[in-house]
1. Students often check this: by mean Cβ neighbours within 10 Å, which of 598-610, 155-167, 313-325 ranks highest, and how do the rest follow?
2. Mind computing the radius of gyration and Dmax over the alpha-carbon atoms of region 514-623? Å is fine for both.
3. Cα to Cα, under 19 Å, and not fewer than 8 places away if on the same chain: which lysines meet these conditions relative to LYS289?
4. What net charge is computed for the residues neighbouring LEU209, neighbours being all others with C-beta under 15 Å from the C-beta of LEU209, Lys and Arg scored +1, Asp and Glu -1?
5. Between region 224-278 and region 175-220, how many Å separate their Cα centres?
6. Under a point-charge model restricted to the Cβ atoms of Lys and Arg (+1) and Asp and Glu (-1), what is the dipole moment magnitude of region 514-623 relative to its Cα centre, in debye to the nearest 20?
7. Would you be so kind as to identify which of GLN350, GLY490, PHE392 lies farthest towards the positive end of the dipole of region 242-510, taking Lys and Arg as +1 and Asp and Glu as -1 on Cβ and the Cα centre as origin?
8. With charges only on Cβ, +1 for K and R and -1 for D and E, what is the dipole size of the chain about its Cα centre, in debye, rounded to 20?
Amino acid sequence: MSPTPTTSAEGQRRIVKLPTVTIRFAGDSGDGMQLAGTQFTDTSALVGNDISTFPDFPAEIRAPAGTLAGVSGYQIQFSSQDIYTPGDDVDALVAMNPAALKTNLKALRKGGVLIVNEDAFTATDLKKAGYDVSPLLDSSLAGYRLIKVPINRLNEEAVKESGLSAKQVDRCKNFFALGLVYWLYSRPLEPTLQYIQQKFGKKAPAVALANSLALKAGYHYGEICELFHEQYQVDKAKLPPGTYRKITGNEAVSLGLVAAAHLAGKDLFYASYPITPASDILHNLSELKNYRVVTFQAEDEIAAMGAAVGAAFGGAMSCTGTSGPGVALKQEAIGLAVMAELPVVIVNVQRGGPSTGLPTKTEQADLLQAVVGRNGECPAPVIAPVSPPDCFNAAVEAFRIAVRYMTPVFVLSDGYIANGSEPWLIPDVAKMPPIPATHPTQANDPSGFMPYKRNEDLCRPWAIPGTPGLEHRIGGLEKAENTGQVSYDGINHERMVQLRAAKIAAVKPAGDPYLWTGPQRGDVLMVGWGGTYGAIKAATLQLREQGYQVSACQIRYLNPLPEDLGPLFSQFKHVLVAELNLGQLRMLLRSRFLLDLKGFNRVKGQPFTIAELVAAARSLISNKSEPQYQAHDPEAEAPLAAGG
């Protein structure tokens, strides 16, 4: 950061202008940190900043209070410039208890602002967090700008007129902390006050009053206390003109699915079984019934996939959503959709695995599952959005391909972009090209209707069941070419397998096959896919500013892979494939293009930092055989770096 100090109108406290700030709210999973972070994000978006967020919370609904396992955090970077990640190092940390301090202090940069709720640093809570001595009393926090605030007592005093119980009063303290941070970073209170009234005003007026009082009290505490000698200000970002809103990846997927159905002039059918981190898609779509959306919460993953296949057979724009464990259960029915050649979109919001794994942490380990994870020769296109807003594009593109090529299509999102948020330039749907979705009404051959007679894209007609004269057999048994009758003939089976494979191999992207940063020649090309885009792009730009010949390629279409990747890769001395798994994309690229590719891999449930990617690229340029990086956490193990 390069601060620019100015003097306030009153001449009392300095207003320091900063180009970019990263804040993290941390506390118990019941302390409302996600709400505080979301409100700060919403307000910063309304102010006009570029934003990028990273919610990080435990899998348990309510872990034991005060424990390290129960800490919930929300990080936001807001800026007057283009940003691509929620930030590496945190400029200001709000720690509501000792456990939040212990688990998050390593992210705070030296000299950063550390606001702690000193009322929570009791002997009991210190013991739960593993402290023998309170860090507020020793010198362990000397490298930070420590601000001790008795939040519990100040919050209790501020909301006493509301008449709430002590337990209810305690739940308001997140708004006190939020108000204080609003003052520190010159944010307006009005958007959050309006939210409180809309949320609680009618059904719980006492709660609305208490939260409003707590928010204002925190703000005014910043004004009157002598703990702060300056305020900070981040100006508006210069974004392209248009109408923006803050959007998460799951919200964007939901709107993209609805938009695709609208562009096709059809109903949207969404079948799902609740699973973290994909459940919000079902929640969002269930509120859009007025837009020809039908949602079905199935009894299990298999039933959800079966219902989606049935809806596609019936002529709907059909989709199912889940995470990796759910895809494992759906695979047989996905194979049915491949065999029957029906258009279904499968959204996989990836999380840490295998099995239950890390339900609330991000990972990219389901790529091979999507590409080759079914029995038999069972190909399907795979698209990976690169950011929360891009999830909208990927959902629309997936339906375009599904309908055009009569095939299931995977959308591989991940927990990082599904829960994270960025500004989204709202598109004009009226200017988006329609999705042609046609159904035959008469026979396509002199001898009658041929359900598997193919067009120039090798796809069969989408005949609606019950159409007079177009009755045909459907199911998982192998089909005879053209007629679709059950066939056990080996030659016919080989022919149909080759036709299905050729159809998918010839799929033309409905959007950008990859996103490129920098020249198409140089020393290092960093390759990624999915939600690693922001960190890879930011690292590439940083390296180029430092004089390194580095470029980046973020692949969106993972099956089939873009044909020109091989020639592009060959123009670089080193190709570094960075992904949040042990090298799945690298394996696919190596087998497809027969090139020597290096890998940089993480499976810690956290997104890449810019710093570790910069270090990995530098190590290749300095002729080290494997990328090396000293983790920010000195206690963390050295990263895996799969060499050539």
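1. By packing density, highest mean first, the sequence is 313-325, 598-610, 155-167.
2. 12.5, 35
3. Straight-distance partners of LYS289: LYS266.
4. Result for the local shell: +3.
5. 22 Å
6. 140 debye
7. Farthest along the dipole direction, towards plus: PHE392.
8. My answer is approximately 540 debye.
The values are calculated or read from the model by the stated rules, or taken from the named source; none is laboratory data. In this text the structure is predicted, and so the values were computed from the model without any measurement. With ideal geometry, Cβ positions are generated from the backbone for all residues, glycine too; neighbour counts draw on all protein chains shown. Accessible surface areas use protein heavy atoms only, side chains included; no ligands, DNA or RNA. Shrake-Rupley method; radii C 1.70, N 1.55, O 1.52, S 1.80 Å.
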